[in-house]
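Single-structure report; data block below.
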């Protein structure tokens with residue numbers, strides 16, 4: 001090649017290309033420890049969600065509890081007396097101690113008969129472990145250890161003969177994080193974190209999580225995986241739209257805004273879904289008529305999508321919440337005035 | 001020593017050199033011209049222009065990355081956040097495929113022969129004992145090396161800036177398609193415009209009219225005319241959703257057809273081979289008259 005300068009330039013540019021291609025190839029075929037290079041999207045609790053989870057949901061309980069929306073409907077909640085009883089027993093104040101909750105569903109055979117066995121709930125809060133442990137033992141639970149984590153499991157004697165049955169358990173997996181679900185899902189959660197093979201390494205799911213923006217509650221999932229294990233009657237299963245992925249995200253503050261997105265199996269299904277949703281929306285707009293709050297809600301709904309995606313965005317403004325609050329007061333005047 | 005003897009000696013000395021030049025194959029001649037042209041092309045003012053053009057997307061990607069680092073969303077469509085790979089797809093469509101590739105094809109492709117004519121240096125190349133067509137092919141290969149070395153790393157940098165590493169395994173095959181497509185696009189546009197540069201007197205104007213007039217208008221119309229564009233076949237192979245950013249884009253999206261990938265590849269390679277062959281034929285046959 002003609003001169004030194006040209007050779008250097010070719011070498012530098014060639015190196016950039018080679019490094020990029022090499023990194024991509026290694027990541028594609030051998031997997032990449034993402035945490036080494038960057039933080040993954042979503043909360044840290046996702047590292048405790050097994051990689052085979054079909055649905056993952058998250059709620060920032062602190063945000064929701066502090067929101068104007070919640071303050072508005074506080075009067076409809078259980079009485080202070082019931083809350084005090086719960087706090088006295090568990091040492092947990094739901095209003096101030098819970099920060100966030102992550103829920104996941106791991107579909108498995110027999111899920112229809114034992115849905116609780118497929119769920120995992122991860123709650124981050126300020127716990128008093130000794131108090132909770134004592135309370136559980138008092139109610140007949142048993143304390144065990146699994147991979148260095150304390151797990152409290154319940155025993156249901158009558159259920160031993162049921163092959164689908166799995167004891168319920170909760171484990172203290174971090175100082176401020178508890179996993180709750182069936183014994184097998186709690187153990188799977190501990191394993192998922194230890195082996196680094198968790199939902200964060202599930203690219204399809206993380207792509208959806210990464211797209212969520214400015215939401216204090218969201219859920220993403222593989223719709224067909226749930227539908228196939230849910231044991232739905234054939235007639236209903238056939239009538240359901242052919243959706244592969246979905247995501248729903250909401251932001252709760254003064255009002256509520258949110259988006260729902262779904263990916264259909266093909267473009268024709270997506271178009272049908274958009275048409276059906278469009279029809280419902282038109283009907284809702286007609287029905288809303290001269291009710292300003294509902295009219296505003298209907299107007300805020302936007303259906304969009306391209307190819308095999310369908311999206312619905314909505315916003316419930318505080319004016320509409322005023323209307324709903326008025327309706328609630330009309331139905332439960334005594335409770336509201338408390 | 002007489003004068004005749006001295007001439008004979010010089011002839012004897014030059015003869016093997018002339019012989020080796022005469023024996024130079026088309027391939028070897030092209031390689032020599034490539035070697036000569038690559039340095040010239042890389043360190044020309046045109047490369048500064050190319051650096052600015054491909055530096056734009058890199059700068060944009062850095063800004064997007066910074067915005068997202070602060071927890072804000074850089075791009076929203078219908079109130080929905082467009083994530084890193086979505087933005088990368090938009091950049092591939094709007095910056096690389098619709099602008100950078102045609103513009104580089106026009107500026108470099110038309111200049112391959114036209115610059116030599118304008119600088120009146122074509123005589124020096126044509127007096128060498130090499131096939132005239134090899135001059136064009138060598139220069140075309142230098143153009144490919146030059147643009148690949150600048151554009152492809154820029155796409156790679158934009159990709160790694162925009163796409164989170166967690167999404168890398170799922171999106172990397174699309175990047176490979178994008179890189180292949182951009183390389184093919186540069187080659188085809190370069191081939192077409194090298195013919196324009198060799199054949200016409202005002203090649204730059206004709207090239208710009210073709211890339212930003214003919215192609216854009218025809219793609220937004222119904223009918224078969226769009227088959228006489230490069231963009232029609234190139235855009236059908238893009239693995240990203242087509243963005244609708246204006247009336248022209250909306251119309252192009254409306255009348256967009258997606259011919260099978262093999263058909264697109266066949267026609268793109270046919271355009272490349274066909275126009276490159278025509279360009280070499282023109283260079284072989286044409287009498288370039290240098291303006292005094």
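None of the figures in this text is laboratory data; all of them are computed from the coordinates on show. Not measured: the values here are computed from a predicted model. Counting neighbours? That spans all protein chains shown, and the Cβs are built from the backbone with ideal geometry, glycine included.
Please report, in Å, the Rg and the Dmax of the range B:119-163, where both are computed over Cα atoms only.
Looking at the range B:119-163, its Cα Rg and Dmax stand at 16.9, 52 Å.
Please give the peptides A:216-222, B:108-114 ranked by average Cβ packing (other Cβ atoms within 10 Å per residue), highest first, as a rough proxy for protection.
B:108-114, A:216-222
Given the peptides A:138-150, A:168-180, B:214-226, arrange them by the average over their residues of other C-beta atoms within 10 Å, most packed first.
Packing proxy ranking, top to bottom: A:168-180, B:214-226, A:138-150.
Along each of its three principal axes, how wide is the spread of alpha-carbon positions in the range B:48-285, in whole angstrom units, largest first?
Computed over the Cα atoms, the extents are 63, 39, 29 Å.
Principal axes first, then extents: for the Cα atoms of the range B:95-197, list largest minus smallest coordinate on each axis, whole Å, largest first.
58, 24, 18
Using a 10 Å cut-off around each Cβ of peptide A:253-261, what is the average number of partner chain Cβ atoms that fall inside?
Per residue, the average neighbour count from other chains is 1.
How high is the relative contact order of the range B:48-285, given as a whole-number percent (alpha carbon pairs under 8 Å, six or more residues apart)?
Taking the mean separation of contacting Cα pairs over the length of the range B:48-285, I get 29 percent.
Count, for each residue of B:151-162, the Cβ atoms from other chains sitting within 10 Å of its Cβ, then give me the mean as a whole number.
Per residue, the average neighbour count from other chains is 3.
Using only atoms on other chains, find how many Cβ atoms lie within 10 Å of each Cβ of peptide A:8-21 and report the average.
Details: counts 0, 8, 5, 0, 2, 11, 4, 1, 7, 7, 2, 3, 10, 6.
The per-residue average across the peptide is 5.
Please compute the alpha carbon radius of gyration of the range A:101-151, then divide it by the globular-protein estimate 2.2 N^0.38 Å. Two decimals is fine. Could the numbers behind the result be given before it?
Working: Rg = 13.9 Å, N = 51, 2.2 N^0.38 = 9.8 Å.
Scaled against compact globular proteins, the figure is 1.42.
Quickly rank B:196-208, A:124-136, B:176-188 as a protection proxy: mean count of other C-beta atoms within 10 Å, highest first.
Taking the mean over residues of other Cβ atoms within 10 Å, the ranking is B:176-188, B:196-208, A:124-136.
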